[in-house]
1. Along the Cα-to-Cβ line of Leu22, 7 Å from the Cα, sits a label point; which residues in the stretch 54-96 have backbone N less than 19 Å from it?
2. Counting only other residues whose beta carbon sits under 15 Å from that of Gln73, what net charge do I get with K and R as +1, D and E as -1?
3. Work out the FRET efficiency for Val89 and Val45 from their Cβ-Cβ distance, taking R0 = 30 Å, and round it to the nearest 0.05.
4. Nearest 5 is fine: what % of DSSP beta bridges in the chain come out antiparallel, could you say?
5. Could you state the number of Å between the C-alpha centres of the stretch 30-60 and the stretch 78-106?
6. Determine the equivalent ellipsoid of the chain by diagonalising the alpha-carbon gyration tensor, then write out the semi-axes as square roots of 5 times the eigenvalues, largest first, rounded to whole Å.
7. Which of the peptides 32-43, 47-58 is most tightly packed, and how do the rest follow, judged by the mean count of other Cβ atoms within 10 Å per residue?
8. Give me the 1.4 Å probe accessible area per residue for the stretch 1-69, excluding ligands and nucleic acids, in Å².
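The values are calculated or read from the model by the stated rules, or taken from the named source; none is laboratory data. Not measured: the values here are computed from a predicted model. Every residue, glycine as well, gets a Cβ built from its backbone with ideal geometry; the counts of neighbours run over all protein chains shown. SASA here: full protein model, heavy atoms, side chains in, ligands and nucleic acids out. Shrake-Rupley method; radii C 1.70, N 1.55, O 1.52, S 1.80 Å.
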Amino acid sequence: MVRIVFRDEAGHTHEIDAEVGLSLMECAKTQGVDGIEAECGGSMVCGTCQVYIAEPWFSAIAPASAMEAEMTQYTRHPRPTSRLSCQIVVTGAMDGMEVGVPEAQR
């Protein structure tokens, strides 16, 4: 397990213990992180699991696929550090990672 901290736009945090090998979205959903809607269940077609990955983590994780990068452009509040949490597989190197949750996913 690794510790990951989710922070909403108001500054509230939700710290979770994420299981290595699962997607960041799966871990967030099972532990009740608000704002991770994941309406498509992780099939990368809705963008409602968008998160903002804080540096230095954004540069350290595997880059987004071309399809994911395109999908994040259609989310409600895209940023340069936007990722779809369904496409990020948790690794041991992510311990302590900070993740921003957009104001609204819908």
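1. Counting only backbone N, you get 84-96.
2. Cβ neighbours under 15 Å give a net charge of +1.
3. Values: r = 19 Å, r/R0 = 0.62.
The pair Val89/Val45 has a calculated efficiency of 0.95.
4. The antiparallel proportion sits near 75 percent.
5. Answer, in whole Å: 5.
6. 18, 15, 13
7. Averaged packing, sorted descending, gives the order 47-58, 32-43.
8. Spelled out: the 1.4 Å probe surface of the stretch 1-69, per residue, equals 53 Å².
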